[in-house]
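The values are calculated or read from the model by the stated rules, or taken from the named source; none is laboratory data. Nothing here was measured: the structure is a model prediction, and the numbers come from that model. We place every Cβ from the backbone using ideal geometry, glycine too, and count neighbours over all the protein chains shown.
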Amino acid sequence: MTKIKDQVVWLTGASSGIGEALAYELSKEGAKLILSARRHSELERVQKQCADPSNTKILALDLSDPFSLSQKALEAETFFGDIDILIHSGGISQRDTALNTSLEVDRKIMEVNYFGSISLSKAVLPKMVKRKQGHHVVISSASGIVSTPLRSGYAASKHALHGFYDALRAEHFRDNIQVTIVCPGYINTNISLNALMGDGSNQNKMDDAQANGISAEECARQIVRAIKKDREEVYIAGLRETIGIYLKRFFPSLFSRIIRKAKVT
């Protein structure tokens with residue numbers, strides 16, 4: 001079992017959506033919390049609303065700038081000491097076809113969602129291994145298991161996270177390094193508003209599926225429970241997405257026929 005109280009938790013993507021909801025939930029649990037995202041002003045807003053702002057620090061960073069992340073990891077350790085739990089909630093989505101999406105957009109999505117996350121994990125991993133203690137929590141997606149139309153680059157980045165962190169878990173099992181991969185379905189956040197079109201512009205539209213999704217607060221509560229229980233993989237999704245995951249696993253041809261016609265926005 002992983003405890004949260006008095007643990008040093010570094011949370012990316014903390015300025016909005018699931019990350020913001022997680023910040024409030026983790027603060028209520030008594031974590032020593034480091035909040036990261038690009039927008040310092042938004043991190044300040046979240047910090048003020050945490051249950052214990054005095055036990056919450058801010059470290060602005062840009063996941064698309066890989067050369068700065070190792071230094072950011074050193075800065076993170078100056079607040080409370082070594083990182084106990086690293087939660088990757090920062091990311092960006094997509095709403096366009098593979099044909100219409102430029103390679104530059106594909107690279108940006110992969111840089112933020114995949115390379116940004118693994119860069120931070122690699123930076124804190126040596127000390128975790130030395131201490132025989134550490135937990136990496138990856139906010140992936142149902143799209144990390146089930147690819148749908150208009151998500152080619154996004155799904156690829158989430159599939160990549162599963163490949164990396166499943167291997168990390170196996171490699172460092174004897175070092176007591178825990179890995180929890182979280183696969184949300186449709187969560188009611190602004191992710192679709194900020195999703196990238198093929199030319200790199202934002203969609204600026206709330207998808208119906210997103211608007212009718214699970215609340216970010218409920219998602220955060222389930223994530224914290226999964227962390228405490230050392231769950232290896234957890235699905236936080238509605239019935240439709242959950243059925244899709246199991247159809248893909250056990251009846252892939254049937255799933256392929258269904259997903260061609262599915263409404264995914």
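Out of Ala31, Ala51, one residue alone is farther than 23 Å from Ile177 by Cβ, in contact (Cβ under 8 Å) with a residue 24 or more places away in the chain, in contact with a helix residue (DSSP H, G or I) (Cβ under 8 Å, 6 or more places away or on another chain) and not β-branched (Val, Ile, Thr). It is Ala51. Of all residues in region 175-190, those satisfying the criterion of being in contact with a Gly (Cβ under 7 Å, 6 or more places away or on another chain) and either under 17 Å from Thr242 (Cα atoms) or in a helix (DSSP H, G or I) (or both) are Cys183, Gly185, Tyr186, Ile187, Asn188.
Within region 70-94, the set of residues being surrounded by 23 or more Cβ atoms within 10 Å (Cβ to Cβ) and out of contact with any strand residue (DSSP E or B) (no Cβ under 8 Å at 6 or more places or on another chain) comprises Gly90 only. The set of residues in region 193-214 that are at negative phi and either without any contact (Cβ under 8 Å) to a residue 12 or more places away in the chain or part of a loop (DSSP other than H, G, I, E, B) (or both) comprises Ala195, Met197, Gly198, Asp199, Ser201, Asn202, Gln203, Lys205, Met206, Asp207, Asn212, Gly213. Conditions first: (1) of a type in the set (Ser, Thr, Tyr); (2) assigned to a helix (DSSP H, G or I); (3) touching a Phe, Trp or Tyr at 6+ places or on another chain (Cβ under 9 Å). Ser70 passes all but one, so which condition is the exception? Here Ser70 meets the rest and fails (3).
Just wondering, is there one or more residues in region 215-229 that are touching a helix residue (DSSP H, G or I) at 6+ places or on another chain (Cβ under 7 Å), within 24 Å of Ile118 (Cβ to Cβ), acidic (Asp, Glu) and assigned to a helix (DSSP H, G or I)? Looking for residues that are touching a helix residue (DSSP H, G or I) at 6+ places or on another chain (Cβ under 7 Å), within 24 Å of Ile118 (Cβ to Cβ), acidic (Asp, Glu) and assigned to a helix (DSSP H, G or I), one finds none in region 215-229, hence no.
If you take the residues in region 102-139 that are out of contact with any helix residue (DSSP H, G or I) (no Cβ under 6 Å at 6 or more places or on another chain) and of a type in the set (S, T, N, Q), which one is farthest from Val264 (Cα to Cα)? Residue satisfying both the conditions and the ranking: Gln133.
Taken as a whole, the condition of being exposed (fewer than 13 other Cβ atoms within 10 Å of the Cβ) and touching a helix residue (DSSP H, G or I) at 6+ places or on another chain (Cβ under 6 Å) does not apply to Gly185.
Per-residue answers, yes or no, for (1) within 20 Å of Leu61 (Cα to Cα); (2) at pLDDT 95 or above; (3) over 16 Å from the mean Cα position of the chain (by Cα):
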site	(1), (2), (3)
Gly90	yes, yes, no
Thr101	no, yes, yes
Arg107	yes, yes, yes
Glu111	yes, yes, no
Lys127	no, yes, yes
Val138	yes, yes, no
Asp166	no, yes, no
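Determine whether region 158-165 contains at least one residue that is of a type in the set (Ser, Thr, Tyr) and in contact with a helix residue (DSSP H, G or I) (Cβ under 7 Å, 6 or more places away or on another chain). No: region 158-165 contains no residue that is of a type in the set (Ser, Thr, Tyr) and in contact with a helix residue (DSSP H, G or I) (Cβ under 7 Å, 6 or more places away or on another chain).
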